[in-house]
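Okay, structure first, notes after.
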Amino acid sequence: KTAFNIDITGERLLSLADFFPERPDPGQYVKEEIKKAIQAEPEYYFEDALETIAAWEEEFLFYVENENVVVFFHPYDIAPYAGGFREFPVPWDALP
């Protein structure tokens, strides 16, 4: 599963930073939101899921749904295969 978020007027791929222009570190903000969601239901995740998120250096995979960017992880990234793709809606600050 992957997602391509394209600005068709500017003909470019959008990044998370495009949706959080007023945040000095959009990646860190998204990490904190994901960590909150994991802490709310830790039984669905690997024991080291929070550490995995904290150390994540790749661009997060995401798609846009309503007024959220939905960051998602493949099975085995942070949770068992039976948990499927783990998704985290994060309200965006601005639509590019």
Among the residues of the stretch 75-96, write down those that are touching a strand residue (DSSP E or B) at 6+ places or on another chain (Cβ under 9 Å), at pLDDT below 95 and surrounded by fewer than 16 Cβ atoms within 10 Å (Cβ to Cβ). Pro91, Leu95, Pro96
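Phe72 - would you say it is over 17 Å from Asp93 (Cα atoms), modelled with pLDDT of 95 or more, of a type outside the set (Lys, Arg) and outside any loop (DSSP other than H, G, I, E, B)?
Details: over 17 Å from Asp93 (Cα atoms): yes; modelled with pLDDT of 95 or more: yes; of a type outside the set (Lys, Arg): yes; outside any loop (DSSP other than H, G, I, E, B): yes.
It is true that Phe72 is over 17 Å from Asp93 (Cα atoms), modelled with pLDDT of 95 or more, of a type outside the set (Lys, Arg) and outside any loop (DSSP other than H, G, I, E, B).
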Please verify whether Pro42 is over 20 Å from Ile6 (Cα atoms), open to solvent by 70 Å² or more (accessible area, probe 1.4 Å) and of a type outside the set (Val, Ile, Thr), treating the condition exactly as stated. yes
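Residue-wise test of (1) over 15 Å from Pro96 (Cβ atoms); (2) of a type outside the set (Phe, Trp, Tyr); (3) free of Cβ contacts under 8 Å to residues at least 24 places away in the same chain.
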residue	(1), (2), (3)
Ile6	no, yes, yes
Arg12	no, yes, yes
Lys36	yes, yes, yes
Tyr44	yes, no, no
Tyr63	no, no, no
Checking Ile8 against (1) at pLDDT below 95; (2) open to solvent by less than 70 Å² (accessible area, probe 1.4 Å), the condition it does not meet: (2)
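The values are calculated or read from the model by the stated rules, or taken from the named source; none is laboratory data. Quick caveat: nothing in here was measured; it's all calculated off a predicted structure. Using ideal geometry, Cβ is built from the backbone for each residue, glycine included, and neighbour counts are taken over all protein chains shown. Only protein heavy atoms, including side chains, enter the accessible area calculation; ligands, DNA and RNA are left aside. Shrake-Rupley method; radii C 1.70, N 1.55, O 1.52, S 1.80 Å.
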